[in-house]
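> Sharing a structure, written as structure tokens. Questions coming.
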Amino acid sequence: RGRLHLMLMYLDDVPIAFNLGIMSADRYSYLKTSFDERLRRHSPATVLRARLVETLIAEGIQSLDFPAEPYHWEEQWTDKLRWHVSVLVFNRTVRAGLYRLLVRLRELSQRSRGAKGVHYVDPRKPEGA
């Protein structure tokens with residue numbers, strides 16, 4: 001359907017940064033971005049993101065929606081925040097249980113530093129249980 005959008009940056013035929021998103025109507029929703037940490041001082045992700053913005057403007061996209069969590073690097077692109085809601089669903093395997101525990105520990109750590117929190121709900125349990 002042409003909705004998934006991937007942009008790669010190469011250095012000597014080796015990928016060093018990428019942007020992954022979904023395009024719908026006139027909006028680009030960022031899903032993931034990353035880069036080769038060894039090249040951090042050259043800011044490949046920022047350079048590629050600038051190219052992405054140029055491409056989106058040329059294609060008539062009206063808005064670029066950053067990922068759910070507000071990351072520090074987003075401040076160089078906008079001073080406006082729009083909160084998102086993320087829903088995590090875990091199955092009943094041991095691996096999923098361990099991952100759920102890690103996610104909760106991360107949330108407790110962030111909450112202790114005053115960060116905005118994520119709330120976990122088990123739909124099988126009464127509220128407050």
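> Trypsin sites (Lys or Arg not before Pro) within region 2-88: which are DSSP loop residues with at most 16 other Cβ atoms inside 10 Å?
ARG3, LYS80, ARG82
> Now a separate question. Stretched out fully, how many nm does the piece from ALA58 to VAL94 gain, at 0.36 nm a residue minus the Cα gap?
Stretched fully, the ALA58-VAL94 segment lengthens by 8.2 nm.
> Report the label-to-label distance for LEU101 and TRP83 in nanometres (one decimal), using points 7 Å from each Cα along the Cα→Cβ vector.
Modelled inter-label distance: 3.0 nm.
> For region 9-70, what class follows from the C-alpha gyration tensor (a ≥ b ≥ c being the square roots of its eigenvalues): rounded when a/c is under 1.5, otherwise prolate if a/b is larger than b/c, else oblate?
The shape class here is prolate.
> What is the spin-label model distance, in nm, from ARG51 to ARG113 if the labels are put 7 Å beyond Cα along the C-beta direction?
Taking the two extended label points, one gets 3.2 nm.
Laboratory data are not the source of any read-out in this text; all were calculated from the coordinates shown. What you see is a predicted model; the values in this text were computed from it and never measured. Cβ sites come from the backbone with ideal geometry, for glycine too, and all protein chains shown count toward neighbours.
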